[in-house]
Structure formats: structure tokens, C-alpha cells
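Below is one structure, written out as C-alpha cells, with a few remarks after it.
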There are 2 protein chains.
Amino acid sequence: MSQRTNDPEGTRRQVVNAAFELFTRKGYEGTPMHAVRDLAGVSSGALAHHFPTKRDLGLAVIRGPVAEAIAGTWIEPVARASSASAGVRSVFEATIADIVRTGTVAGCPLGNLAAELSTRNDALRFELNAIFDRWREAIAAKLQAQQPPDAAGNKDAGALANLIVACFSGAILMAKASQSAVPLQACWTHLQNILEARTQKGDG
Amino acid sequence: MSQRTNDPEGTRRQVVNAAFELFTRKGYEGTPMHAVRDLAGVSSGALAHHFPTKRDLGLAVIRGPVAEAIAGTWIEPVARASSASAGVRSVFEATIADIVRTGTVAGCPLGNLAAELSTRNDALRFELNAIFDRWREAIAAKLQAQQPPDAAGNKDAGALANLIVACFSGAILMAKASQSAVPLQACWTHLQNILEARTQKGDG
DNA sequence: GACATAACAGGTCAATCATCCTGTAATCAA
DNA sequence: TTGATTACAGGATGATTGACCTGTTATGTC
């Protein structure tokens, strides 16, 4: 028997990262456990030790890399941007650039898993919904921050944030179906008008 | 051996309808062939005769009930409506009412399958994308019809139609994750402003 | 009425998959 | 040191699944 690694945190991270990549590309049901094991380069015993069931692994992937993906590509860029409009623009442009560069659209990790797992398991659905919530809330907070506290637009910042997340999620889905960035570009074209009109109204 | 039905069109339709319901509720990978067979109430032989592979059945479901679902819930209502805005409103309101009535969100048949199958099989992806195309085109045509032929807004009717489809698809996905109609309501709240602003601009 | 073919009926089968099991080595607490 | 527990290694297993296969009966054609 070959020497074992004995690095629980490392092994666990390898497995979760491999599962994240496969779940995102092939889906949850489309990914057998042995594919995760092989990509992670661990033994069946190690995999079973850290994740007794596939659902445990799914939960860990959602709480880890999926949440981080939304935080890294959406929540942090929007928080750092000069305005909500500029933040949303940067995310759309980065996503479009990535599609043009790679030539393929794997889809949004959160959206892919939400579509597949929401009606299958309540525990997983709850975690996925929590990420959607944080995503919407981050955009809504940025929208409110750039307006005077008593502006009329504040009360629908939540609805607008919802619209932005829905637009992006839906556009990514269409981009995936067409394997092109066109739906994302078309969506941003119109979304830009909406956001800039609102910014000018807030400044006036 | 029991008497066979000998009704090829009927048998085929039973199978396709059963598969449509299961694919929509449980997903493509989440639906075994024997579940389709049992729900349709046909024999394994009949199923294999009409659909030698699962992919054949998937293709038939997409070309049939999935395409009809978009045509029946979106394309026809929008075409019949007094305006694009009124048409889109009626679809959102009907969808929200249905969610409130049933208490659950199974998701959009097209969106569910597009999320799961787009990166898995090009033939299926192509068919799904064709339905998205017809959906966008139907809304774009309605948007253009209510404006003077030389209006400035015409050139981005396609982009706005894209936005509407993306919003709806994304909102349905969030509704599925939250198992509530709230994301759809929030989306329509904002979309309504956009569409009505455009209508008044076109009328003036 | 002979023949070919389509439309089943019902069961089989090989492959895949998630889970579990047995054995072993590293770690750690006492 | 010793005993317990954690962290693996490598394979086994039972269930599931998509596809297929053999027989049988309608249906249409000449």
C-alpha cells in the first residue's frame, strides 16, 4: 500500500475543488463520485471519510466554492466600485470577456446548481437561496449608498437589485444555450440605460 | 400476454407527455427511463420501439411539449395582447398566480432543461436555443409593432426582448430557489416601469 | 391468403454508481 | 508506552439504469 498523505484539510480542499469544477461543468447528477475522486487524486476511502454521502459533498461545495464564486465575481467588485452601475458594468464586461476568451459558456455555478437541486433537496436549496439573498442584498446596499437617504428610489433598491440578479442569471442561461456572449451583451446594453438614468435622477 | 393497444400516435404521445412532466419536475438525469415508462403506462418494448435512446426522447420532449409550453404561455399571449407591456404583464401575473395557487415552483421547462443539457449534448442544446430565439423574436416583433417604423427605439427592440426573457428566466430560477413568487413580483415591478416609459415615449 | 413490416409485450443484461467494508498508518491524549 | 481516534488505502457490493433481445400480434400490401 502506498504512503498516505495525512493532510485532512488539504485532502478535503482537493475534493471540494474537484467537485466544484465537475458540478459546474457537468452538473450534480451528471458527476459520479468516482470522477470527483479521480480529479481530486484521492482514494475512495479518503473521499468517503470526509464526505460519507454525495449530498454532504454538495453541501460543502455550495457553502464553499459556490458562495466564494459569487462573492469574488459579484459582491466584492460591486462593493469596491465607484457606483452600483460601474460595479455591475465591470462584472458583465468581465464575464463577456471571459466567454470570448475561452469560447465556451459553462454557466453560473450558482444558477446551474439551483436549477438542478432546488426541487430535489430542501437543505441544498436553502443554502443556494441564501447565496442569492446575499447577492441581491449586496447590490441593493450599493444602490442605496449612492442615493440621498430620503430619495424616492430607495424603497425599490431591493426590487432593482432583484432585477439585476435575474437579468444576469437569465442572460447566462441563454448564453449557455447559445454558447455565445450575445445575450449578455444585449442584456447589459439595456440594463446600462436603466442604471444610468437612475444615477442621474439620484444626483439631481 | 395481455392485449396490446396498437395505437402508435397515442402511445408516443403518452410517453412524451410523461417524460415532459418528469423532466420538468425531476430533471433529465434525475428521471430514469422506467419512471417514464411507468407514468406513461406503456411497456418497455413500446418505449424502446418509439425511442431507442433516452436522447431521442429528450429531443422529442423539447421539440414537442417544451416548445409548446413557451408558445402557449408566452408567444401566443404576447401576440394577442394590446401591447407588449400588457402581454408581458399578463404572463408575469399568470405565473405568479399559479405559484401562489400551487404553493410550489417547479421552474420553467425550457430553463430547467437548458441549464442541465446545454453543456452535455449539442443536438439538444441547439433545439433549446431555437426555442429561446423564437421567444425573443416574438417579443421583439410586438415591441416594434407598437412603435412608428422609424422610431429610435426600434433598433434595440431585440435587446429589450432579450432583457425581458432573461429577467423572466432568472426570476423563475430565483423563485425556484426560494420557493416563492417574490422574485417574480419584484422583477415585474421594475420591468413595468421600463416598458411603460418606453410605450409613452413611442406614443409621443 | 401470403408476406413484410410496424407495434408492441415482457424480460434480460452489462455497465454504472453511491455507499460501505476491511485493513493500516499516522496522530494524540494520558 | 499505550490506547483511542483520525485519516486514510483499496477494493467489494448491492441497487439502479439505459439499452437490448426474443417472441407475438396487428396492419397493410400484393
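Annotations
- Ascending list, in nanometres, of distances separating the A:D98 label from those of the other copies (7 Å, Cα toward Cβ): 3.2
- Accessible area per residue for chain B is 46 Å², calculated with a 1.4 Å probe on protein heavy atoms, without ligands, DNA or RNA.
- Between copies, B:G10 shows label-point distances of 6.7 nm, shortest first, with the point placed 7 angstrom from Cα along Cα to C-beta.
- Pairs from A:K54/B:K176; A:K142/A:K176; A:K142/B:K142; A:K26/B:K176; A:K54/A:K176 whose Cα-Cα separation, in the structure shown, is over 24 Å: A:K142/A:K176; A:K142/B:K142; A:K54/A:K176
- The Cα-based radius of gyration and maximum Cα-Cα distance (Dmax) for the protein assembly as shown are 22.6, 81 Å.
- Taking other residues whose beta carbon is less than 12 angstrom from the beta carbon of B:W74, and scoring Lys, Arg as +1 and Asp, Glu as -1, yields +1.
- Solvent-accessible surface ranking, highest first, for A:S180, A:S169, B:S82, A:S44 at 1.4 angstrom: B:S82, A:S44, A:S180, A:S169
- Average partner coverage of A:177-188, which counts Cβ from other chains inside 10 Å: 6
- Degrees separating the helix B:84-102 axis from the principal Cα axis of chain B, which is the longest one: 50 degrees
- Using a probe of 1.4 Å on the protein chains alone, the accessible area found for A:K54 is around 50 Å².
- Over the Cα atoms of the stretch A:1-52, the radius of gyration divided by the Kirkwood radius equals 0.98; this is the Rg/Rh ratio.
- Cα convex hull, chain B: 130 Å³ per residue, rounded to a whole number.
- Carbon and sulfur %, accessible surface of the stretch B:46-106 computed with the full protein complex present, 1.4 Å: 56 percent
The values are calculated or read from the model by the stated rules, or taken from the named source; none is laboratory data. The shown structure was predicted, so the numbers you read here are calculated from the model rather than taken from an experiment. Cβ sites come from the backbone with ideal geometry, for glycine too, and all protein chains shown count toward neighbours. Accessible surface is based on the protein model in full, side chains and every heavy atom, while ligands, DNA and RNA are left aside. Shrake-Rupley method; radii C 1.70, N 1.55, O 1.52, S 1.80 Å.
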